[in-house]
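Note sheet for the following structure.
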Amino acid sequence: MKIAGFTFIRNAVNNDYPIVEAIQSILPICDEFVVAVGRSDDGTLELIKSIESPKLRIIETIWNLSIREGGQVFAEETNKAYDAISDDMDWVFYIQGDECIHEKYLPVIKNEMIAVNDNPVIEGLLLKYKHFYGSYDYVAESRRWYRREIRVMKKLKGIRSYKDAQGFRINDRKLRVKLVDAYVYHYGWVKPPKGISLKMNNFNKFYHDEAWVDEFSPVSDSFDYGNADKVVRFDQTPPAVMKQRIDKVNWTFTFDLSKQEINHNLKRKVLQWIENMTGLRLFEYKNYKIIK
């Protein structure tokens, strides 16, 4: 059984993406790793080339910056990386530039691949998520944050990145997946206030025109971290590949857990209460079909 990792990236240095750590986090179980590196302004290509591994294969791409509807360019770049994977691979493992897998989950994920490798009904694995927020010490937990996504799939014809590359479909239908007790650590919101503001400004350029971005998403020195709804302390060990980055944290993030209040309408308050009491997330968006 052969496994290929794949991802896409552009301007990782300017946007401070932990792309090197993301790749290194799943590289141990991969037989090859394809990185689609978009033409950048900041040495991203050199950064990726600094990863010393014979498994790594880089394809250089040019992003279609005219696509501003629903972040479609992210899916387009994901598909370029997927299409460059060697034909003899059996499984593919997708990871984005602000994600990481703790090493303790790699054996779990690989064992699940082995277990369903010969089961034609299962087409992929569904992983759980921890969304780090503000710093590496806090995780956001509420209905505002997606809790599962497809990151591992069999290498099948017809698989395409869906919408803005959050998930995948096969021949325009949802993939049949098995839910796995393993987490993706998402670090996209771990930045100082101006860093998050800059991220949102850059990110929204792939969804809206310049006038909208200038009005609704200008770069600012401040950011309202209270928008997370609910934040809890993370007291577990981080992935080993993230240790050096975490040790370099140069901002202080404080969050008063006792003063949290889910600030949304009555319907969302009721739905959140039901989830807290039962574990059920009613009306959850699911771009997959779970097979039990």
State all residues of region 55-83 that are β-branched (Val, Ile, Thr) and either surrounded by fewer than 17 Cβ atoms within 10 Å (Cβ to Cβ) or not in a helix (DSSP H, G or I) (or both); if no residue qualifies, say none.
Ile58, Ile59, Thr61, Ile62, Ile67
Considering only helices (runs of 4 or more DSSP H) fully contained in region 186-292, which possess at least 1 residues that are under 20 Å from Ala140 (Cα atoms) and of a type outside the set (S, T, N, Q)?
193-204, 243-247, 266-278
Those residues that are touching a Phe, Trp or Tyr at 6+ places or on another chain (Cβ under 8 Å) and crowded, with 20+ Cβ neighbours inside 10 Å, I need them from region 114-129; list them, please.
Gly124, Leu126, Leu127
Got a number for residues in region 148-164 being over 26 Å from Pro192 (Cβ atoms) and not in a strand (DSSP E or B)?
5
Just to be sure, is Asp137 more than 27 Å from Trp251 (Cα to Cα) and either among the charged types (D, E, K, R) or under 15 Å from the mean Cα position of the chain (by Cα) (or both)?
no
Restricting attention to region 84-113, report how many residues are closer than 30 Å to Arg233 by Cβ, surrounded by fewer than 20 Cβ atoms within 10 Å (Cβ to Cβ) and among the hydrophobic types (A, V, I, L, M, F, W, C).
2
Among the residues of region 130-154, write down those that are farther than 23 Å from Lys289 by Cα and among the hydroxyl-bearing types (Ser, Thr, Tyr).
Tyr133, Ser135, Tyr136, Tyr138
Among (1) over 23 Å from Val177 (Cβ atoms); (2) under 20 Å from the mean Cα position of the chain (by Cα); (3) free of Cβ contacts under 8 Å to residues at least 24 places away in the same chain, Lys104 falls short only on (1)
Assess whether Arg143 counts as being among the basic types (Lys, Arg), within 25 Å of Phe283 (Cβ to Cβ) and under 18 Å from the mean Cα position of the chain (by Cα).
yes
Region 28-44 - residue that is touching a strand residue (DSSP E or B) at 6+ places or on another chain (Cβ under 9 Å) and of a type outside the set (A, V, I, L, M) and, of those, surrounded by the fewest Cβ atoms within 10 Å (Cβ to Cβ):
Arg39
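A quick yes/no check of all residues on (1) surrounded by fewer than 18 Cβ atoms within 10 Å (Cβ to Cβ); (2) modelled with pLDDT of 95 or more; (3) over 22 Å from Pro218 (Cα atoms); (4) not polar (S, T, N, Q):
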residue	(1), (2), (3), (4)
Ile159	no, yes, yes, yes
Lys163	yes, no, yes, yes
Phe168	no, yes, yes, yes
Arg173	yes, yes, yes, yes
Val184	no, yes, yes, yes
Trp189	no, no, no, yes
Lys194	yes, no, no, yes
Kindly list, by first and then second residue, each pair from a residue in region 56-70 that is farther than 18 Å from Ile19 by Cα and of a type outside the set (A, V, I, L, M) to a residue that is at pLDDT below 95 and part of a loop (DSSP other than H, G, I, E, B), limited to pairs with Cβ atoms under 7 Å and residues at least 6 apart or on different chains.
Arg68/Phe206; Arg68/Tyr207; Arg68/His208; Arg68/Asp209; Gly70/Lys163; Gly70/Asp164; Gly70/Tyr207
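For (1) among the aliphatic types (A, V, I, L, M); (2) crowded, with 18+ Cβ neighbours inside 10 Å; (3) touching a strand residue (DSSP E or B) at 6+ places or on another chain (Cβ under 7 Å); (4) part of a helix (DSSP H, G or I), each residue gets a yes or a no:
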| residue | (1), (2), (3), (4) |
| --- | --- |
| Ala4 | yes, yes, yes, no |
| Tyr17 | no, yes, yes, no |
| Glu21 | no, yes, yes, yes |
| Ile26 | yes, yes, yes, yes |
| Glu46 | no, no, no, yes |
Please state which of the following conditions Phe206 fails to meet, knowing it meets all the rest: (1) surrounded by 16 or more Cβ atoms within 10 Å (Cβ to Cβ); (2) within 30 Å of Asn171 (Cβ to Cβ); (3) in contact with a strand residue (DSSP E or B) (Cβ under 9 Å, 6 or more places away or on another chain).
(3)
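The values are calculated or read from the model by the stated rules, or taken from the named source; none is laboratory data. Since we're looking at a predicted model, the values are computed, not measured. Every residue, glycine among them, receives a Cβ derived from its backbone with ideal geometry; neighbour counts consider all protein chains shown.
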